Every structure is written in structure tokens, then in C-alpha cells.
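Here is the structure we will look at, set down as C-alpha cells.
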Amino acid sequence: MSYPKTGEEVYVSLNLYNTMLTGIGNRTAFELELKNLEKKLPRPFTIVAYDLNYMKRINDTYGHAAGDAYLRHMAHLLMREEPVSRGLSFRIGGDELVVLCTGISEKEFYQKVEELKTELAAHDVSMAVGAAVNTLEAVGKDHLLTESERRMYQDKAEYYRSTGLDRRKI
């Protein structure tokens, strides 16, 4: 990705590649970054998928402004935490966020994810997380993204199963 040099270019770039709600990269920025990384995926390379729990419940009970505030809150907490602060953050869907990280081992990464979940829970933010770490040349970005999303949905299903909540009901 090339970076803007003038104030006007920065303004246009922020509007084209960042979500106004969260201030992090949008799906377009994510796709461009993946395309650039496709040329040579660094090792180790991690794609992390995040999805907020409770979004339907918050939107239906308190309104979409509260849901937006919850999403902003999560994005800001996420950006300041390790290993996310080493990576690039993107909002690729409603309450779905993706982070691209390099230079962190799989073991260290999962340890940091558990610390992040604990930190977010202390701020009343609950999320599902799935990650895929690439340490081999043969594994491509598409496989990593699919695997991280599969693991995230598995984590989300386990959360709702363990709490007894139905994610589709208030």
C-alpha cells in the first residue's frame, strides 16, 4: 500500500480506507493489504478474526447508537492491546474485525489472545476470536483467512453454548 504525502491525500485516504465509526481500516484497505502481502507472506504471519458477542441483543434492546458505541469501544480497546498493536486492524463487516500480524510465534500469539480476552471482559466487551498462523511457504492467505474465520465461529458457538444464551434472541 502506498501512503499519502499531502494533507489532502491523507484526508482522502482516511475516508477511502478507514471506517468512520471505528477509525480502523475498512474492507477495501484489508483487500489491498492482502493483495500486497500475497507477493510475499512474511513468516510467521497471522490472520486474526474477531466477532463481537451480543451485537443483536445490544442493537435490539438499546438501539443502534448503543451498538455503534460498543463497536467503537471494542475497536479502541483492540488497537491498544498486544499483539494487535503490532499488526494492522480492519473492520470487514458489521461487527467483524480482522487483524494482520507478523513476527509473533503461534504460542506467544495465543497467550496474548487470552490476555486480550481477559482485558476486554474487564471492560464488558465479549468477543469470539479465531486465528491462523502461517509458518510454512505452502499455506496461502486465502487458507489463513478461511481457517481464522472457522476458528472464530467455533469460539463464538462455544461461548453461546457455555452461557446458554441464544445469539439470535434478546
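The values are calculated or read from the model by the stated rules, or taken from the named source; none is laboratory data. Everything numeric in this text was worked out from a predicted model, so none of it was measured. As a convention, Cβ positions derive from the backbone with ideal geometry for all residues, glycine included, and neighbour counts pool all protein chains shown. We work out accessible area using only protein heavy atoms, side chains counted, and drop any ligands, DNA or RNA first. Shrake-Rupley method; radii C 1.70, N 1.55, O 1.52, S 1.80 Å.
Being at pLDDT below 80 and assigned to a helix (DSSP H, G or I) is the filter here, so list the residues in the stretch 37-71 that pass it. Leu37, Glu38, listed by residue number. Looking across Asp68, Asp60, one residue alone is farther than 17 Å from Asp124 by Cβ and open to solvent by 10 Å² or more (accessible area, probe 1.4 Å). It is Asp60.
Looking across the stretch 1-36 at every residue that is surrounded by fewer than 17 Cβ atoms within 10 Å (Cβ to Cβ), in a loop (DSSP other than H, G, I, E, B) and under 15 Å from the mean Cα position of the chain (by Cα), the one that is modelled with the lowest pLDDT is identified as Gly23. Taking the stretch 83-125 as the range and being at pLDDT 75 or above, open to solvent by 20 Å² or more (accessible area, probe 1.4 Å) and part of a helix (DSSP H, G or I) as the test, the residues that pass are Lys107, Glu108, Tyr110, Gln111, Lys112, Glu114, Glu115, Lys117, Thr118, Glu119, Ala121, Ala122. Pairs meeting the criteria (first residue in the stretch 57-80 and hydroxyl-bearing (Ser, Thr, Tyr), second residue not in a helix (DSSP H, G or I), beta carbons under 8 Å, at least 6 apart or on different chains) are Thr61/Ile170; Tyr70/Leu52; Tyr70/Tyr54; Tyr70/Val125.
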